[in-house]
Each structure stands twice: as structure tokens, then as C-alpha cells.
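Only one structure is covered here, and it is reproduced in the block below.
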Amino acid sequence: MALKQQNFDLIANVKSQLSNANTGWSQKARESALSRLANIGLPSQRDEYWKYTNPTELLTENLNMSAVECLEHANVFSEIEVLKIVFCDGIFSPELSDDFSSENISISKLSDAGDLHWAQNYYGDLEKQGQNPVSRPLAALNTATASDGVLLHVKGKIRKPVLILGVHNTPCEAVLHHLIKVDKGCSLTLLESGSFATKLNTVMEVFLEQGASLEHVRTQGRDHNRWAATHIFSDIQENAKFKSFTLTANGVLTRNECVLTLSGNDCTAHVAGASVGDGNKFHHDDTVFITHDAVACESRQVFKKVLRNGATGVFQGKILVKEGAQKTDGYQISQSLLLDDDSQFLAKPELEIYADDVVCSHGSTSGAIDEQALFYLCSRGISRKDATDMLTLAFLAEAVEEIENENVAKIIVYKISAWLSRRKN
């Protein structure tokens, strides 16, 4: 009953905000999202895909705990040349961002985009499609209420990776909605780093035209007390390639959803993640849904979690192969390394296949450090702590290897090593 009242109050509040707001071309999409949310309702642990994660903290006010961060410390990719897009306290700041005028890319603030903008035909479209067959209420809430975001249209070769960088100076809540459109035959390396807000709800809709490619790498959590719900939706057309990797180090509650549709023949989708959590406040949930709706497509899901001191990891991954999606190659692996008896890993791998010429597999395991391997390393003069770190890095390697950019991959390995070093007893 309390959830129904909360849902009613939220819908009424958002409806009032929309009626008083001047959101221009996005108004219709926002009202449609609000209607979806009203039909779906807020998530609860009674919902199948929320039974391992309590959404209450993502729906309540909890901004009193937060570390703030300066721009220099926020950027973990400072060692490589990038084109920066900076968000300060959840607001896109052109003043702190780099100049993109000489690049083959157009960039706009969601809050400033005028009428006849290319994004009006795309905003909320993939989120709407992604509500079936599994409802994603926090994504619908985002589309209805997003306060800002970045609209990126890639029209040619980009000489550097583009970095979306977040920094916040005060405890705040941010609802960000990004649109990424990569034209036929074009490519983009997109990085995300920093602390965007104390509590964060983001949606990223990625449209990849024929032969386009996107490599997306983000870091999140770090040592901040924060709550985050993120959503990535992508439509991947013929011969296009989508890759996404996420490193999560600490934080409080993080729920990452990734909903991908392989809609063109011979396209590829890889999504991977490495998470390292310490303490019983750490709860990390990766929920992935990949739909094969074309011929000769490949998908990979590779997720590794290292947990200690009561930390909790969740993985829910599904591969749906529709009728006619022959010659599908789908691979899914989720594994956890539990560094003590207090931590837990909850997994729900799924395959649903309606084609007969496919190769699909999934597996999930959970276990402790290999004592035999640990003994071998210690017998060679390596300390037990260092040996544990070496085995932990080896365990995470399969996920990190999904990153194609070698310089970015080195930074990710360094950040994991730094986390391990700080967490030694």
C-alpha cells in the first residue's frame, strides 16, 4: 500500500512539473514516458528482476553522505589525450568542456537543444522499446524527468576519445539522459569518469548505423558514498559494433542495466564489467538483456566481481534469440571471487532461443582464492598479500581484456591494482 501511494505521489509530482516546464520538443516523449511509468509502477523486490536488489534507497532521499571531488581528481583518464565534456553538480558545463568545433561531431546540451534538433526523433525511443519484455521503471522515470544530458552526433573520424567527466561540489541528485548517434561507417571511443552526483539516475541511448562502432569505457563508485542507477540502450544495425566495459570500485548501491538489440545482420555487441567491493554497504547489480533479431550476430557478456567484508554482487544476464536469428553466437559468463565468508554473489543467467542454428552458452561460478595457486606463489618468495593481488588481477583479466584501447586498458588495470593496495589488511 505504501508503494502504491509513493507511486501515485511521484506520478502526480512529475505530471505537475511537466505541465509547468518548457521542455520544447522533448515534451511529448516525456509525457509518454510518464504514462509508461504510471502503468509500470515503481520497482519493488516483488518484481522478478529486482528480487536481489532493494530499490528503496534509489527512490528515497539520501543525500547527507557524500564526498566531493575536484576536476583533477575526478578524471582517472588524465594520462591520455581526450576531448572533455564536463558535468558539474549534474549540469553540463560548456565553460569547463573542450571545444568540439573542429571535430566531426556535433554536441548539444539536452536542456538547451532547440526545436528541429536531430534528437527529437530519438529521445526516449530506445528506452520505450526496452520496456518490453521486461519493464524498466527507473529508465522511464529518467526520460520523463531528465534535467540535462549530452546529445552527441558523430559524423566522421574523431581524433581523440571523448570523455564525459563528472564532478560535484555539494550533495546533489542528478537525472541525466544522453543520446549518442554514430553515422554509417563512423566510430567513437566514449569514456566516463568522475562523480556526477551523490545520487544518480542516467540513461544513455546509443544509435549505431550500418558499419558504425562505439567503444564505451567507464569508471564508477570509487570511494564515494553514492547511489547510482544507470541504463544503456542500444540499437545495433548491420555490421555495426558495440562494446562497453565498466569498472566499479566501491560506492554504496549501484544498479547498471544494459539493454541491447542486434537488429542488423553481422553485427556485434560486447558488454563487460569488473567490480571490486569492500564492506557490507557495497551492493553492485549488473542486469543485462541482449536480443538477437538478425542473422549471424555475435554477443558477449563477461562479468567478474571481487567481494570482501560482507559485500554483495548481483548478475542477471539474458540472451534472447528471436525466430529467424540464425547463426547467432552468444556467450555469457559471470563469476565472483569471494575473499571471505561474509560476502555473497547472486546470479541469474538466462537463455531464451527460438532459432535452431545457434551457438549459445552461459556459465556462472563463485568461489574463493585458489589455495594451491596461492601456496605455489608464496613458495616462490611472494608475500601472501601480493600473491592474493596477483591472483585477483588474473581473475579479472578476462573482463578487462574486452577493452580494445590498450592505453585505456592499462589505466583500468592500474586503478584495480591501486584499489587492491589500499584494501590490504
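The numbers here are math on the coordinates, done by the rules we state, and not lab data. Source: prediction; values computed, not measured. All Cβ positions, glycine included, derive from the backbone under ideal geometry; neighbour counts span all protein chains shown.
Things to note:
- Mean separation of Cα pairs under 8 Å and 6 or more residues apart, divided by the residue count, gives the range 173-298 a relative contact order of 22 percent.
- Using a Förster distance of 60 Å, the FRET efficiency for N13-K327 (Cβ separation, nearest 0.05): 0.80
- L391 versus A296: modelled label distance in nm, points set 7 Å from Cα along the beta carbon direction: 4.4
- Selected from V217, I333, N142, residue furthest toward positive end of dipole (the chain; charges at beta carbon): N142
- Given K28/K199; K243/K322; K318/K410; K128/K322; K199/K385, the pairs whose alpha carbons are separated by over 23 Å: K28/K199; K318/K410; K199/K385
- For the range 288-388: relative contact order, % (alpha-carbon pairs under 8 angstrom, 6 or more apart): 28
- The range 192-294: trypsin sites (Lys or Arg not before Pro) in DSSP loop, at most 12 other beta carbons within 10 Å: none
- Simple label model, 7 Å out from Cα along Cβ direction - D99 to D357, nm: 5.4
- Sites D47 and D340, calculated FRET efficiency, Cβ-Cβ separation with R0 41 Å, nearest 0.05: 0.85
- Degrees between helix 2-20 axis and first principal axis of the chain (Cα, 0 to 90, nearest 10): 50
- Amide H contacts of L110 (H built 1.01 Å from N, in plane; Pro and chain starts excluded): G149, V150, L151 sit under 5 Å, all sequence-distant by 5 or more or on other chains.
- Maximal additional length on extending the V134-I382 stretch stands at 84.4 nm, based on 0.36 nm per residue less the C-alpha distance.
- In degrees, nearest ten, helix 406-422 long axis to first principal axis of the chain (Cα): 60
- Since only A240, A347, H283 are under comparison, the one whose Cα sits farthest along the positive direction of the charge dipole of the range 202-356, derived from C-beta charges on Lys, Arg, Asp and Glu, is H283.
- Separation of the range 148-224 and the range 237-277, taken as the distance between their Cα centroids, equals 13 angstrom.
- Here the label points at K410 and I80, each 7 Å from Cα along the C-beta direction, are separated by 1.0 nm in the simple model.
- Once the Cα atoms are used to define both axes, helix 384-400 deviates from the longest principal axis of the chain by about 40 degrees.
- The packing ranking, built from the mean of other Cβ atoms within 10 Å per residue, places the peptides 35-48, 328-341, 369-382 in the order 328-341, 35-48, 369-382, highest first.
- Within the chain: Cβ-based charge dipole about Cα centre, in debye rounded to nearest 20 (Lys, Arg +1; Asp, Glu -1): 580
- Our summary gives the chain a relative contact order of 11 percent, counting only alpha carbon pairs under 8 angstrom and 6 or more residues apart.
- The amide H of Y331, built 1.01 Å from its N in the peptide plane, has S299, R300, Q301, S361 as neighbours under 5 Å, considering only residues 5 or more places off or on other chains.
- Between S193, N39, A368, the Cα set farthest toward the positive side of the dipole of the range 2-369 (charges on each charged residue's Cβ, about the Cα centre) is that of N39.
- Burial ranking of peptide ranges 106-116, 284-294, 82-92 (average Cβ count within 10 Å, highest at the top): 284-294, 82-92, 106-116
- Beta bridges by DSSP in the chain, antiparallel share as percent, to the nearest 5: 5
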